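Colleague: Before I ask anything, here is the structure I am working with.
No lab work stands behind these numbers, since they all come straight from the coordinates. These figures come from a predicted structure and were not determined experimentally. As a convention, Cβ positions derive from the backbone with ideal geometry for all residues, glycine included, and neighbour counts pool all protein chains shown.
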Amino acid sequence: MKIKDIIPVALGNEKPDVLLKNAKLVNVFTGEIEETNVALFRKRIAGIGDYNEGKKIIDLKGMYLLPGFINAHLHIESSMLSPRQFAKAVLLRGTTTVIADPHEISNVLGLDGLEYMIKSTEGIPLNVYIAIPSAVPATNMETSGARLGPEDMVGFVDSYPNRIIALGEVMNFPGLLIEIQNY
């Protein structure tokens, strides 16, 4: 979705997909609770305030509404759960979005592991974005099963521009130290 798609809804020129009416919105920045309506467009909040119409209206009748948690760095495969089962576990506890670094599965399965993590997280109710592994294996001293370099990763970035949003953690500290010395 592009930002220009949500603007007509935010301005009130088009109906939101869903209108959440009569919410008690918890402002996590100020600690205040305000009674308001929330306009949703696709999976995004288009606006908060005096919206009265929507393609679908849900009356929250004073129920509290607050943002979900975002886990900005994790390895789903470390949970020993499939991505779908992982989503079930964390959604129940308030996490709605994760940025996964599939470094570990890529270490073992290479591009097939990375592809699995991307494909198996499509369409699940948890928002899963990918931080593409920076070095597989972490150093040239490891023999983990796969070797991937930047040339291997470029195709994934091009193929999944809305899913791959960051570079994963830099684990190749020997390579980093050599680069720093050469600088």
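Colleague: Hey, got a sec? Which trypsin sites (Lys or Arg not before Pro) in segment 93-183 land in a DSSP loop and have at most 13 other Cβ atoms within 10 Å?
Modeller: Filter output for segment 93-183: 93.
Colleague: Moving to a separate point now. How much FRET efficiency would the formula 1/(1 + (r/R0)^6) give for residue 159 and residue 89, where r is the Cβ-Cβ distance and R0 is 22 Å, rounded to 0.05?
Modeller: Efficiency computed from Cβ-Cβ geometry: 0.20.
Colleague: Mean separation of Cα pairs under 8 Å and 6+ residues apart, divided by the residue count of segment 3-65: what relative contact order is that in percent?
Modeller: Across segment 3-65, relative contact order equals 40 percent.
Colleague: Considering only 105, 118, 58, give the residue with the highest GNM mean-square fluctuation for the chain, with springs between Cα atoms whenever their separation is below 10 Å.
Modeller: Result: 58 has the largest fluctuation of those listed.
Colleague: Assuming R0 = 30 Å, can you tell me the calculated FRET efficiency for the pair residue 29 and residue 81, based on Cβ-Cβ distance, to the nearest 0.05?
Modeller: 0.40
Colleague: How high is the relative contact order of the chain, in percent, counting Cα pairs under 8 Å that sit 6 or more residues apart?
Modeller: Across the chain, relative contact order equals 15 percent.
Colleague: In addition: So which lysines can residue 56 reach, going by Cα to Cα under 26 Å and dropping same-chain residues fewer than 8 places off?
Modeller: Output for residue 56: 2, 4, 15, 21, 24, 43, 88.
Colleague: Describe numerically, in nm with one decimal, the distance between label points set 7 Å from Cα along Cα→Cβ at residue 96 and at residue 112.
Modeller: 3.7 nm
Colleague: Okay, moving on. When only alpha-carbon atoms count, how far does segment 3-65 stretch along each of its three principal axes, as whole angstroms with the largest first?
Modeller: 31, 23, 19
Colleague: Give me the three principal axis extents of the chain from the C-alpha atoms, as integers in angstrom, largest value leading.
Modeller: 61, 33, 31
Colleague: Using the alpha-carbon centroid of each, what span in Å lies between segment 41-111 and segment 115-183?
Modeller: 22 Å
Colleague: Tell me what the chain gives for mean residue ellipticity at 222 nm when only DSSP H runs of n ≥ 4 count, each as -39,500 (n - 2.57), the sum divided by the residue total, rounded to 500 deg cm²/dmol.
Modeller: -8500 deg cm²/dmol
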